[in-house]
Amino acid sequence: MNRRFTAPAPRRLWVCDVTYVATWTGFAYVAFVTDVYSRRIVGWNVASTLRSEILPMQALDMAAWGAGGRLDGLIHHADHGSNYTAMVYTERIVELGAVPSTGTVGDSFDNAMAEAVNNLYKTELIRQRGPWRTVEQVELATLE
């Protein structure tokens, strides 16, 4: 991607990332999939675990379902987090017809758009309505 966060049409480039929210019962982890063209969140998930097949994969599956199931030609960009580089996750990307992409290690600018979505989420929802008691409370507020 070379830090070019533009796309000629929907479903050509998605950026993905995970953030976390402190709750009284532990952390709520939140994964977002954002379509670069529309700047819309097209998939998301909240869970109490970072496991690849639970947190980011369910967000990816939500986005794929909304796109009609196949992602032929789409570039799926994420950072080098272990949940995005896990075999189970990258195999799912390829199975859907998309091309996995990652930036350089330790360079937050390579996933700047996804990081911006996380920051907006925390500014507009998490910090405004917290403190949070449970993961489920975070999930319901995210759904709203």
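Quick notes on this structure:
- Every pair of residues 6+ apart whose Cβ atoms lie under 6 Å, when the first sits in region 1-29 and is without any contact (Cβ under 8 Å) to a residue 40 or more places away in the chain and surrounded by fewer than 15 Cβ atoms within 10 Å (Cβ to Cβ) while the second is part of a loop (DSSP other than H, G, I, E, B) and of a type in the set (Phe, Trp, Tyr): Ala9/Tyr37
- Whichever residue in region 67-103 is modelled with pLDDT under 95 and charged (D, E, K, R) and, among such residues, is farthest from Leu50 (Cα to Cα): Arg70
- In a residue-by-residue description of region 98-106, the property of being more than 19 Å from Asn45 (Cβ to Cβ), within 14 Å of the chain's Cα centre (by Cα) and without any contact (Cβ under 8 Å) to a residue 40 or more places away in the chain applies to at least one position.
- The listed residue being polar (S, T, N, Q) and closer than 13 Å to Asn118 by Cα, out of Thr19, Thr49: Thr19
The values are calculated or read from the model by the stated rules, or taken from the named source; none is laboratory data. Remember, predicted model here, so these are calculated numbers, not experimental data. For neighbour counting, all protein chains shown are included, and Cβ atoms are generated from backbone atoms with ideal geometry for every residue, glycine included.
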